[in-house]
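Notes for the one structure printed next.
Each value in this text was obtained by applying a stated rule to the coordinates, not by laboratory testing. Quantities reported herein were computed from a predicted structural model and do not represent experimental measurements. No Cβ is skipped: glycine too gets one built from the backbone with ideal geometry, and neighbour counts run over all protein chains shown.
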Amino acid sequence: MGEEYIVEMRHITKRFPGIVANDDVTIQIRKGEIYALLGENGAGKSTLMSMLFGMYEPDEGEILIRGEKVKIESPNHATRLNIGMVHQHFKLVSNYTVAENIVMGMEPVKKVLGCIPVVDIKKANSDIRALSEKYGLAVNPTDVIENINVSTQQRVEILKMLYREAEILIFDEPTAVLTPQEIDFLLEIIKGLREKGKTIILITHKLEEIKRIADRCAILNRGKLIDVLDVAETSTRVMANLMVGREVSFETEKKPADFGKVVLDVSNLNVFNKQEFQVVKNVSFQVHEGEILAIAGVAGNGQVEIADAIAGLMPVRSGKIVLNGEDITGASIRERTLKGISYIPEDRQNYGVVMDFTLSENLALKNYFKEPFCRKGMLDNRAFEENSRRLIEKYDIRSGQGSGTVVRSMSGGNQQKAIVGREIELASPLMIFVQPTRGLDIGAIENIHRQMIAERDRGRAILLISLELDEIMNCADTIAVIYNGELQKIASAGSLTTNQVGEFMMGVRQKETEKSTAGKSEAGKEAAGKSATGKGTAGKSEAGKEAAGRSVTGKGTAGKSETGKEAAGKKVTGKGAEEKGGGEE
Amino acid sequence: MKNKNKIWNAVKIPLLAILCSLVAAGVIIALTGSNPFRAYYALLQGSGLAPKAAYANYKSMLTDLFSYVNYFTPMIFAALAVAVALRAGLFNIGVSGQMLAAGFTATVLVGYSGLGAVAAKPLVILIGMVVGGLAGALVGFLKYRFNINEVVSTIMLNYIFQYVISFLINTYFVDPVSRQSVEVSAASRLTLMDTQAGNLKIDIPLGILVALAAVVLVWILFDKTKLGYELKAVGFSRSAARYAGIRVGRCMVLSMTISGMLAGLAGVTYYLGYMGSIQPKVLLNTGFDAIAVSLLGSNNPFGIIFSTMLISLISKGSTYMRSTAGVDTEIASVITGIILLFSACSAYIRHRLERRRSEKAQTAKEDR
């Protein structure tokens, strides 16, 4: 062997009821490398890292840290071993400041009157500031968490690890919640951490990120380790095929669209949220049979509210929604479902499924009240079972105990497959897909796209709302771009480039005067979106890093690095977050 | 096979909790200087589940058993009431108040009316359901229309019922000797008191038949009906239920109405069955104990039968336990408390058990 590993996990096996999450997995991680864990949803990446972070104990196998065999009993123990983890869902106290969140549990203490210990917040602030500058993280210690955006919150999480002197940093799907510009910035930070000698483990299913920053990559499939690859020598296609276990195509094949009659006609739609803030402004569009109309936009610009208003979950202030020639503006949710709307909501765990229902109960959530499930108010269990068995088979929904599995115990990807399958099976003339592939892996994404296009070819009208430009460019026949609640542009997909869509998304109205500023952020976007084509990406990220580095040198301009990097996007995101918080009330 | 396993899984934790608490309570009894085995046996004897050494005239083990059934019938209804609301995500703390309202109304309208038994008894049950249902519906409506937390409104309604009704009793219906409400007519009683059977005089509770029917109906409601599916969906996730097109407000009102109806039945089987009169200014503990009984029975209608029988057994047998085993009646409350405490810890116990199982698998592997 000879080689020194900082982390070794040998022959790890972990079982959960009905499922083997990790099956004899061995990984060895060198000090100072970026090691990616790649795999589909439910492949066992997060479980493996949860064991390294002390949240679970492996059923079999051993863990070695710096060559010493250890039994990691708790996250606190992991922290003492210099292991840190940034979770997918941040664990921050939202009304505390950045510094308070970071030092919590190991606050610097000073003695008042020589005996009464109190938290030395001044020292905490200056410590955090110094730490933040050292790693180029650009956070302001005195900001309150609820006032800063998601990407800054993530940097606070990173600082939390660094403050605890973590040497081994685990990132669980760190880019899932970020915009393309923020992703660029984060990846630069991660590279910077490697240069400072940290070891980084990156859990992800996004190939282009791995290609951009990782040194080596372990591929997991259904709990088993498939291969460990040198990223520089492997193409993304090979990685994707290994991960999914079969050939995948990046480009979705589709026939030219064949529009029929108008199915959905939305005119002058105005929607206000609970805070009386206008989130949708005078929006009008039509979706035809056999058409995929995609609404592109940065998160929180009113696109989700449009979907909610059409599905009846949000009241309409004024305007008209017409489905197949029938005015449904005032109809109830149930009436709309019956008249022909399928809806795959953005928030799948709070809306799409009842988490504590079984799979078979959830698969009938939209039609349990109809034959054959229900006769004269009585339910027929066999009909539920049969429906569930058919959908599980058809949509490849994987779960521990089949129809009887409680949905809460299923992986997010399989929950989504269940929702997509259920909604498609309704065979509604109008199908609304909101972020249908968020958090899913390539195999599942490809699958959902194929199903969506198949439905289009069957003559359904499809309204697709997505934050992923790739998805929109790949699937849409018509693209509508929304900014700040207003539709900026509706055009057929062929007539718009990714760049142009991006400009409309930023609210920059495609004018020569603004080209120079907008162009730059677009380049970044392009790089993030279009995977591993290479050259342009590398050049751009270099520039980005420099920008980030520079701004951190001066304290006063610490905030600026963000502004510079994220350009127009920042304003929009901040606002989006605010609206979203309000909407949840 | 699979089904059996499922039942075993649901039952084993409460069983373990009960076993642990009996051991713990046994230690306490031993510390007070009595024999725990004798004390427990006395509990069974007092409830007619084991023969006593001697019986008075017209009494036997059978009379004790019937009086035990008579005693726990209201609790089955009350625990079902709690369970129905809980399944739909609502917390009905007002079972006692709803019991009182239903019991009082039935007492005044039927108990003092002089109607014949054939008309009176069904009418009492009907009035109990209607009044309890209305009281529950009010809470559901306040929640749905004005978003008033059901915990607050039920507690407040408890006070209102308690004091308004005790005012009415003290003003119009008080029995000057017992200082309770005047006893209801035998025709309207849901328990046939002192019925001669052979050489025995037995209290025959008719309410238990209704209670068992209610258990089956509640089970059917939640396991087999569309409404039950909707109520459960609302209980688990209001947002997802709304997304599915379920009318959430209607479900909340309905579940509180059903819960109230069951509480009303608890009221009439208590005040017009077990007791026969109402003590003013006293709110029964039944409605509060029912929360714990329901939890001990895992909110399952059939589980509730057993948890009700267990908890009632302890309080019912406590008098006999004092007289024969010399254990204070207060110890009975201690045992009940310990059982409920342990069953409340059941989530933790389950976690420990699973952890130990995985550790065992680990050591077994290493040994090999």
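With point charges of +1 on the Cβ of Lys and Arg and -1 on the Cβ of Asp and Glu, referenced to the Cα centre of the protein assembly as shown, which listed residue (A:406, A:472, B:107) lies farthest in the positive direction of the dipole? Checking the options against the dipole of the protein assembly as shown, the answer is B:107.
Want the number for residue A:195 to residue A:226: 0.36 nm per residue separation, take away the alpha-carbon distance, what's left? Provide the component values of the computation, followed by the final result.
Working: separation 31, 0.36 × 31 = 11.16 nm, distance 2.87 nm.
The span from residue A:195 to residue A:226 would gain 8.3 nm if fully extended.
What does the convex hull of the Cα atoms of the stretch B:1-144 come to per residue, in Å³, rounded to a whole number? Could you put the intermediate results ahead of the total?
Values: hull volume 32.4 nm³, N = 144.
In the stretch B:1-144, the Cα hull volume divided by residue count equals 225 Å³.
As a proxy for reagent exposure, B:184, A:86 were ordered by neighbouring Cβ count within 10 angstrom, fewest first; the result is A:86, B:184.
With a point put 7 Å past each Cα toward its Cβ, work out how far residue B:330 is from residue B:204 in nm, to one decimal. Taking the simple label geometry, residue B:330 and residue B:204 are separated by 4.2 nm.
Viscosity 1.567 mPa s, temperature 4 °C: give me the Stokes-Einstein translational D for the stretch B:156-313 in µm²/s, with Rh taken as the Kirkwood radius over C-alpha pairs.
71 µm²/s
Pairs of Lys residues in the stretch B:56-316, spaced 8 or more positions apart or belonging to different chains, with C-alpha separations under 19 angstrom: 5 in total. Summed over qualifying helices (DSSP H, 4 residues or more, each -39500 (n - 2.57)) and divided by its residue number, the protein assembly as shown shows a 222 nm mean residue ellipticity of -16500 deg cm²/dmol.
If you model the protein assembly as shown as an ellipsoid using its alpha carbon gyration tensor, with each semi-axis the square root of five times an eigenvalue, the axes come out at 59, 36, 27 Å, biggest first.
Run the paramagnetic zone check for residue B:159: 7 angstrom along Cα to Cβ, then residues of the stretch B:266-309 with backbone nitrogen under 16 Å. Under cut-off, by backbone N: B:281-283.
A simple charge model with +1 on the Cβ of Lys and Arg, -1 on the Cβ of Asp and Glu and nothing else charged puts the dipole of the protein assembly as shown at about 1540 debye relative to its Cα centre. Within chain B, helices built from complete DSSP H runs that reach 27 Å or longer along their own axis (Cα positions) and carry a mean Kyte-Doolittle hydropathy of -1.0 or higher are B:2-31, B:61-87, B:117-146, B:248-269, B:301-325. Between residue A:427 and residue B:61, the simple spin-label model (points 7 angstrom out along Cα→Cβ) gives 6.5 nm.
Assuming R0 = 25 Å, what is the FRET efficiency of residue A:126 and residue A:93, from their Cβ-Cβ distance, to the nearest 0.05? All intermediate terms of the calculation are to be shown ahead of the outcome.
Details: r = 21 Å, r/R0 = 0.83.
According to the calculation, E is roughly 0.75.
Between residue B:109 and residue B:170, the simple label model (points 7 Å from Cα in the Cβ direction) yields a spacing of 2.6 nm.
Would you mind getting the Kirkwood hydrodynamic radius of the stretch A:13-156 from its Cα pairs, rounded to one decimal in Å?
Numbers: mean 1/r = 0.0558 Å⁻¹.
About 17.9 Å, per the Kirkwood formula over Cα pairs.
Which entries in A:71/A:110; A:71/A:224; A:91/A:417; A:417/B:12; A:206/A:254; A:254/A:417 show an alpha-carbon gap greater than 26 Å? Pairs exceeding the cut-off: A:71/A:110; A:91/A:417; A:417/B:12. The aspartates and glutamates whose alpha-carbon is closer than 18 Å to the alpha-carbon of residue A:370, local same-chain residues fewer than 8 away aside, are A:335, A:361, A:380, A:385, A:386, A:423, A:425, B:223, B:230. Quarter the surface of the alpha carbon convex hull of the stretch A:262-505 and you get the mean projected area, 12.9 square nanometres.
What does the convex hull of the Cα atoms of the stretch B:234-294 come to per residue, in Å³, rounded to a whole number? Show your work: numbers first, answer last.
Numbers: hull volume 6.3 nm³, N = 61.
Taking the convex hull of the Cα positions in the stretch B:234-294, it is 103 Å³ per residue.
Taking 0.36 nm per residue of separation and subtracting the current Cα-Cα distance, fully stretching the chain between residue A:274 and residue A:71 would add 68.1 nm.
When +1 charges are put on Lys and Arg Cβ atoms and -1 charges on Asp and Glu Cβ atoms, the dipole computed for the stretch B:56-316 relative to its Cα centre reaches about 720 debye.
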